[in-house]
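A.B. asks: Below are the structure tokens for one structure; questions will follow.
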Amino acid sequence: MRGFLKSAGPRNNIVLHPEEAPRLVMLVDTSMGCCSGPLGDSGLNRACPCGQPVATLAADCSTVYELHLDADSVRAQVDDHGMPSGG
């Protein structure tokens, strides 16, 4: 299909551009690629500020540049107008 990109990540994950989730923090055991970016091949490597692992970032020069929010760890919320909500 023209204009669409199918992610290579796990089914039902929510895929974002990494800059859309700036408050997530890197976990210490992240596998790094040749350009010092996370490969995303070792499971969850990003956490909420509270420390709960919630996402996998793939952002090395040899990989796609995307953030997968784990479907088992997060849920989407919308306000009364159908807009994303932080609550």
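The values are calculated or read from the model by the stated rules, or taken from the named source; none is laboratory data. These numbers were taken from a predicted model, which means no experiment stands behind them. Every residue, glycine as well, gets a Cβ built from its backbone with ideal geometry; the counts of neighbours run over all protein chains shown. Keep in mind that these areas ignore ligands, DNA and RNA; they rest on the heavy atoms of the full protein, side chains included. Shrake-Rupley method; radii C 1.70, N 1.55, O 1.52, S 1.80 Å.
A.B. asks: Would region 66-87 turn up any residue that is open to solvent by 50 Å² or more (accessible area, probe 1.4 Å) and modelled with pLDDT of 90 or more?
C.D. replies: So far as region 66-87 goes, no, none of its residues is open to solvent by 50 Å² or more (accessible area, probe 1.4 Å) and modelled with pLDDT of 90 or more.
A.B. asks: Evaluate the following for Asp29: is it at pLDDT below 85 and not small (Gly, Ala, Ser)?
C.D. replies: Taking the combined requirement at face value, the residue satisfies it.
A.B. asks: Among the numbered criteria (1) free of Cβ contacts under 8 Å to residues at least 40 places away in the same chain; (2) surrounded by 10 or more Cβ atoms within 10 Å (Cβ to Cβ); (3) closer than 19 Å to Ser73 by Cβ, which single criterion is violated by Pro18?
C.D. replies: So the condition that Pro18 fails would be (1).
A.B. asks: Quick check on this structure: which one of Ser42, Ser36, Ser62 is surrounded by fewer than 17 Cβ atoms within 10 Å (Cβ to Cβ) and at pLDDT 80 or above?
C.D. replies: Ser42
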